[in-house]
Structures are given as C-alpha cells and as structure tokens.
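Each remark here refers to the structure printed beneath this line.
The values are calculated or read from the model by the stated rules, or taken from the named source; none is laboratory data. Note that this is a predicted model, so its numbers are computed, not measured. Don't worry about glycine lacking a Cβ; one is built from the backbone with ideal geometry, like all the others, and counts go over all protein chains shown.
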Amino acid sequence: MGFRSKILISKSINMNNYDKSMSLSNPHPPFVDSQQKLAATLGSIGLLMMVLAFAGYSYSNVGWMLTLSCLMLSTGIIWYALRAYYHKIPGIKNDGVWFSSIAARGVLGWISGIVITGFYILLYWYPNMLGQSSGADAANTGLIALFDPLSFLIKGQAASQWFVYGTLYTMAILLFGFKFILKYRHNKYQIVRTISVMFFQLGFAFLLPEFFQAMNEPYYNFANMWPLNYYFFDDYNMNTYTGGTNFGLIMILWGLAMVFIISPILTYLYGKRWYCSWVCGCGGLAETAGDSFRHLSDKSTKAWKIERWMIHGVLLFSFLMTAAVLSTYFNNNSGQWVSKNLFLVIMIAVISFIIGFVLWRKHDIAKSGKNIPMFIIGSVGIVGLLVLFSHVMGYFVLSAGSLRSVYGFLIGSAFSGVVGVGFYPLMGSRVWCRFGCPMAAILGLQQKFFSRFRITTNGGQCISCGNCSTYCEMGIDVRAYAQKGQNIVRASCVGCGVCSAVCPRGVLKLENGSSDIHTKTDLMRTIHISEDEVKILS
C-alpha cells in the first residue's frame, strides 16, 4: 500500500470521530456526557417534587416523599459531579467557564437569578405562600409541610420557613462542597477548608440551634457573631439570655468573646480567611454552590471604589444601630449589670483602644498611604458619633427599634439574602461579602493593618495567563499584583486561595509571616534601585 493510500485511510478513520450531522445546532454539546444528562434529570425530578409541594399538591405520605425528593436531588448532584471531575486529570479546571449559559450570564443565568431572588422574597416576606401556618393551631401546607416530618424528628416541632431554609442551605453546602472538593482535589488547602465550612454549617449553624430549641434552651449559632449577627443585642435576645439560666449567660459570654478576643487574635494570626473561608455560612455557600459563578465578579477600579464606600457604610450603619439599641436597652432595664452611664464609659474605652491600636501600628498604616492623624480623627469621630447618637436617640423621631427594623429589612434581609444569593448568576458569588457584610468589613480592616496574612508573589514566574484574576470572587485583579511582584494585602481578600490553586506556575502563595515583610517594590524604593538592577543582581 502506497504512502498516499495510507494517508487517505487515516483521514477516513479520523473523520469517523467527527459528528456528521448537518444540523446547525450541536447534538453533542461539549463538557456534558450522557450520564451527566441522566444525573441532571434525576436531580430535576427531585426538585420538581418540592415544586409540586410548593404549588399546593398534597402528598399522601409526606415523610417518604421528602426522603425521596432529597435523595434524588442529592444523588443527581453527586453523580453529575463525579462524571464532571472524577475521571479527569487532577488540576486546573477551566473547561467551558465562559460557554455555559447559566454561568456566563446567558438566558439560563438570568432565569436562575430571577427564580432564586423570587424564592428569597417569598421566604423573607411572604412565608404564607410557601405554606407557613398563620396561627398556633393551624397546620403547615405546601412546601413547608413537606419538611414537617424532618422537623419533628430533630426538634419535635412543626417546620417553619427558617427550618426549610436552613435545611436546603445546608444541603447546598454539603452537596456542592463535594463537587468543589472533586474539582480542586489537587490542592490540599481547598479540600481542608471546604470540609471545614461543611462541618461548621452542618454542626454549628444547623443542628446545634435546632437541638437547643428541642431542649427549650436559648438557641444561638456558635459560628456566627456580631455584626453579622446583628440581632444579638436586641431586647428579646438579651432578655432571653439574661432570663436566669446559666446557658443564656454562656451565650452572652461566647458572643462577646468572639467579637473582642477570639476574632481579633485569629485575624491577626491568619487573616480574615479563618472566618470568611473556613467558618462563615455565607462564605460557605458562595464557595460551594456559587463556585460556578466566581468569575463573574467585576474587576474594575470603579467597582472597587463602590465596594469600599458601600461595605464601610453598612459597617457604620450597623455600629449606629447597635449603639442605639444597647443604649435604649440599658436605659429601659435599670436592673441590668450594665447601666446607661457604664455603657458610656465602655464607648469611651473603645475610643481609647482605637487610638492606642492605631498608634501601635502606625508604621503599617503610614506604609499603606493613610494619614495617621486623619485616621485617628476619623476613627474617634465615628465612635464619638455613636456615643452621641445613642444618648440623644430619645430626641429623634426615629427610635432605636425603628432603626433596627430599617437595618434588618435593608441589610439583614434584602441585601444579605435576596441580593446576596439571588444575584449569584449575575454578579458573582460574593456580592454580599464584597459589598455589604459588616463582619467582612471589620475583619478586612484588621487584616489590612494588623494581620500577618498575605499572599506573596513571584513576579518573575508570572506568564500573565489571567487565571488568578478571572477566578477571584472578590474582584481583585490578582494578576496586576503578580506582574509587579507585590504581596497582596487587601482588606477584601478572603484568603480562599483559589487564585493560587489555578495558577499554572506556582506564582502565588498564602503565607502567615511577619507584618514587617516588605514587597519587592518597597525594597526597591528603600535602597533606590531600579527593577532592571534587581534582575541583574538576581
């Protein structure tokens, strides 16, 4: 057989590998095989069973139908994830990231955003449409009634909209967490931190509060803290915690220790990642269920400016609201161990603490370009405003309760819930964490000026592929730092480490080093040499 004949046979054999359909549409879409389609069908049927319950269909055996629905939904997600990632070589997965309609702001993405947003609106403000009972003796119906058997099993009570939400929320983190681990199984850090958020969501955020309710004890999410837990200092919470039980006192002491002792120490040692990427349920959902949308975050400078104004504005709002609520509470409860005057002393102590802390870390603040006198004046001014506002609240038409309601509606419900999750397919998975979370704002300030955590870069190895910037869910242009050889010490960075995980050259590294470590740029400025001279010396 001649050489030309061999080439023709080879071509004919290779042509058999191509799809010969003349249709303009692709009958075999990329990145999806037949088993993934079956898995998606199975999960969709399980979800459809919940939708039918929401629509008012009454099942004869609610317990079995809930079990079957959750089982089919879970099996579908796990099966799909196994087919998508397990049989592929471990490593960076960029397959089709901008080709999927749901993950690239296509029609499916917009539909998903509208559906999730609509569900959150019903959950927060119209639970009766989900089947929430309207009275003590009335029975649940619809979707909420479907979860009654599980609620009775765990805490001996009928389900509420928050129990349904907590169950679905926890299922999403566990199931999509499994998918996340498969996708990033080449990176030990991603595996460990994902298991961590799965553990804290299941144990601390879901099961423990439900068990406390079953024992008629004050319930509290031990993985949550103020100001993310903005209702911690509300009258009804404080009265419950101080109602004479030792368990309530433990709740208060734990909450205060988290804010003033545990959180600052851990943030100093490890940055805000200890909470935002290892513990927090909001971050846990964003990292797992929201992983497919992380590349949608806006990386522009304009978005960064908006982010800083919004998140610190929410932080100030939460301070004002909390100071007003506490001042009113201590004023109306004269028998408490903290009086209104003592509260004033505490606020003055907070001012003194801020001044001392700023002076202690003045080198880091000055290095970041901040004017120290103005920084102190601004910090003291904010806390002073809190004191003034909390003590003259009675002269305002807007009461502390009204201020709390406004904050709860705008920030606690509309922003963190409806927008924070509903906008995943449109603005990325960390909309709430980036633009609105006051907890992230506090931890970010600590991380920026008083933490040992940073992401170090090796600019000489950077090939400018852009993976790091694409996958940064907080909208940080990581590549710009890497190209300059600068360490990344940003208040908004949650330390998820995905930028490092998707870097093909190992340019980025998460480290807990001395806060006095200088970047290459800082070193060049100090010894007055150029980058070309640095290359020659190296």
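No other residue among F232, F247 is surrounded by 14 or more Cβ atoms within 10 Å (Cβ to Cβ) and touching a Ser or Thr at 6+ places or on another chain (Cβ under 9 Å) apart from F232.
Could you tell me which of the residues Y270, Y275 is crowded, with 18+ Cβ neighbours inside 10 Å and out of contact with any helix residue (DSSP H, G or I) (no Cβ under 8 Å at 6 or more places or on another chain)? Outline the logic, then answer.
Working: Y275 fails: out of contact with any helix residue (DSSP H, G or I) (no Cβ under 8 Å at 6 or more places or on another chain).
Only one candidate qualifies: Y270.
Remark: pairs (first residue in segment 72-85, in the same structural domain as L174 (by TED's automatic domain parsing) and in contact (Cβ under 8 Å) with a residue 40 or more places away in the chain; second residue assigned to a helix (DSSP H, G or I) and surrounded by fewer than 17 Cβ atoms within 10 Å (Cβ to Cβ); Cβ separation under 8 Å; 6+ apart in sequence or on different chains) = L73/L47; W79/Q35; W79/L38; Y80/A40; R83/Q35.
For segment 120-134, filtering for residues that are without any contact (Cβ under 8 Å) to a residue 24 or more places away in the chain and not small (G, A, S) leaves 4.
For beta carbons closer than 7 Å, sequence separation of 6+ or different chains, a first residue in segment 138-154 that is free of Cβ contacts under 8 Å to residues at least 24 places away in the same chain and a second that is part of a helix (DSSP H, G or I) and polar (S, T, N, Q), the qualifying pairs are I144/Q161. With the condition being at pLDDT 90 or above and under 20 Å from G177 (Cβ atoms), I'd like the helices (runs of 4 or more DSSP H) fully within segment 254-318 carrying at least 1 qualifying residues. Ranges flagged: 273-276, 281-288.
Considering A205, A223, the condition of being modelled with pLDDT under 95, within 17 Å of the chain's Cα centre (by Cα), within 25 Å of F293 (Cβ to Cβ) and assigned to a loop (DSSP other than H, G, I, E, B) is satisfied by A223 alone. Within segment 476-494, does at least one residue satisfy the condition of being small (G, A, S), without any contact (Cβ under 8 Å) to a residue 40 or more places away in the chain and surrounded by fewer than 23 Cβ atoms within 10 Å (Cβ to Cβ)? Yes, that holds for at least one residue.
Going by the conditions given, is M225 aliphatic (A, V, I, L, M), touching a residue at least 40 places away in the same chain (Cβ under 8 Å) and surrounded by fewer than 20 Cβ atoms within 10 Å (Cβ to Cβ)? Judged against the criteria, M225 is not a match. Of the candidates V397, V406, V380, the single residue that is modelled with pLDDT under 90, assigned to a loop (DSSP other than H, G, I, E, B) and surrounded by fewer than 20 Cβ atoms within 10 Å (Cβ to Cβ) is V397.
If you go through segment 282-307 and pick out every residue that is surrounded by fewer than 23 Cβ atoms within 10 Å (Cβ to Cβ) and among the β-branched types (V, I, T), you end up with 2. Those helices (runs of 4 or more DSSP H) of segment 438-538 in which at least 1 residues are more than 26 Å from A104 (Cβ to Cβ) and modelled with pLDDT under 80, considering only elements entirely within it, cover 520-527, 531-537. Note on segment 180-189: residues that are assigned to a helix (DSSP H, G or I), in contact (Cβ under 8 Å) with a residue 40 or more places away in the chain and surrounded by fewer than 21 Cβ atoms within 10 Å (Cβ to Cβ) amount to 2.
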